[in-house]
Amino acid sequence: GNHNIKLLVGSEAIQNYGRGVGGSSSGFFSTDPNYLVLNNGTSNVTNYSNAYANSLYSLFSRLDYNFDGKYLLAATVRRDGSSRFGETRRYGVFPSFSAGWRISREGFMQNIGWLNDLKLRASWGKLGSQNNVSPTNAFTLFNAGFGTSYYDINGTGSIRQGFYQTNIGNQQTGWEEDIITNFGIDATIFNSKLDLSVEYYKKEINGLLFPQPLPATTGDASPPIINIGDIENKGWDISANYRGRITNDFQF
């Protein structure tokens, strides 16, 4: 027999970091470009700055094996860690497997003249998703603003700075798991004129990432993204493709 094996092992590290600063104003006396500087605006004078950081670290490996072009096997496993989740739910392990059997290569199939190719295949895989999760999702955040949290608490005309909650954190948010299962059969028959494919599929989402619904009494703080529920889709895909020839110059 002819054994063919490929093995891949690797790691990946991604870090995103950035800062921004800006300002705005309006109500200018003149639109002359030489006059349009922020300090000359008379209303809506604002300034801001921000910073962000997030990171992802992954280990992964893949094995591909086939024997004599008849038996095909592939396996992948990866371990991902994301700063978007709290310490207890930060890491996830996601394996995937696929197998194929090209039955038409077997000796007992060689005398079937109308069958050109026949293959059975199956796969199962689990993937991790962190879509829509803010880098600060695990943390409760506060902010301050002149019109929202400053108050003359002493009644003397001198305001004091206060803070208000802008984000509700959740340390228990973790990886969304997308699990996909497939079983299929592919055939080519009648001198390669007709291709047939029948496939059963099922896609499951465990721990769907979605904003937590909160009552209005919670206030204006943004809700955290949480693992809100599970979803399942399944069904059959069937396809046929026929190729014909009327003349050498006219094929369909």
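The values are calculated or read from the model by the stated rules, or taken from the named source; none is laboratory data. Note that the structure is a prediction, hence the values are computed from the model and not measured. Heads up, the Cβs are rebuilt from the backbone with ideal geometry, glycines too, and the neighbour counts pull from every protein chain shown. Note: accessible area is taken over every heavy atom of the protein model, side chains too, but ligands, DNA and RNA are not part of it. Shrake-Rupley method; radii C 1.70, N 1.55, O 1.52, S 1.80 Å.
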Note: the chain at 25 °C, 0.890 mPa s; Kirkwood Rh on alpha carbon pairs; Stokes-Einstein D in µm²/s works out to 100 µm²/s
In debye to the nearest 20, the charge dipole size for region 120-252, taken about the Cα centre with +1 at each Lys and Arg Cβ and -1 at each Asp and Glu Cβ, equals 240 debye
Here, chymotrypsin sites (Phe, Trp or Tyr not before Pro) of region 39-112 satisfying both criteria (DSSP loop; at most 10 other Cβ within 10 Å) are none
Residues of region 176-194 with backbone N under 20 Å of the label point set 7 Å from the Cα of Lys70 along Cα→Cβ are 185-188
In whole angstrom, largest first, the equivalent ellipsoid semi-axes that the Cα gyration tensor gives for region 49-115 are 46, 11, 9
The chain, Gaussian network, Cα under 10 Å: of Gly128, Gly157, Gly174, the residue fluctuating most is Gly157
Farthest towards the positive end of the dipole of region 1-142, among Phe28, Ser11, Val133 and with Cβ unit charges of +1 on Lys and Arg and -1 on Asp and Glu, lies the Cα of Ser11
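State the dimensionless ratio Rg/Rh of region 83-143 (Rg: radius of gyration of Cα atoms; Rh: Kirkwood radius). Kindly include the intermediate steps, with their values, before the conclusion.
Values: Rg = 23.7 Å, Rh = 16.4 Å.
With Rh from the inverse mean 1/r over Cα pairs, Rg/Rh is 1.45.
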For region 26-66, the Cα-Cα pair-distance distribution in 10 Å bins from 0, as whole percents, is 19, 22, 14, 12, 11, 11, 10, 3
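What ratio of Cα Rg to 2.2 N^0.38 Å holds for region 132-235? Intermediate results must be reported in sequence, preceding the final value.
Numbers: Rg = 25.9 Å, N = 104, 2.2 N^0.38 = 12.8 Å.
Its radius of gyration relative to the 2.2 N^0.38 Å reference: 2.01.
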Expressed to two decimals, region 116-161 has a Cα Rg over Rh, using the Kirkwood radius, of 1.65
With x for Gly and Pro, the residue-by-residue ³J(HN,Hα) of region 92-99, computed from phi through the Karplus equation 6.51 cos²θ - 1.76 cosθ + 1.60 at θ = phi - 60° and given in whole Hz, is x, 10, 10, x, 9, 9, 8, 9
Largest-first ranking of Ser222, Ser96 by accessible area, probe 1.4 Å, whole protein assembly kept, is Ser222, Ser96
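Could you tell me what fraction of 2.2 N^0.38 Å the Cα radius of gyration of region 133-183 comes to, as a two-decimal ratio? Kindly include the intermediate steps, with their values, before the conclusion.
Numbers: Rg = 20.3 Å, N = 51, 2.2 N^0.38 = 9.8 Å.
Compared with the compact-globule rule of thumb, region 133-183 sits at 2.07.
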For region 247-252, in residue order, the Karplus 3J(HN,Hα) values (coefficients 6.51, -1.76, 1.60; θ = phi - 60°; whole Hz; Gly and Pro = x) are 9, 4, 9, 10, 10, 9
Which residues qualify? For Ser222, with a placed amide H closer than 5 Å and at least 5 residues away or on another chain, they are Asn167, Ile168
Most fluctuating of Ile189, Ile168, Ile225 in the GNM of the chain (C-alpha, under 10 Å) is Ile189
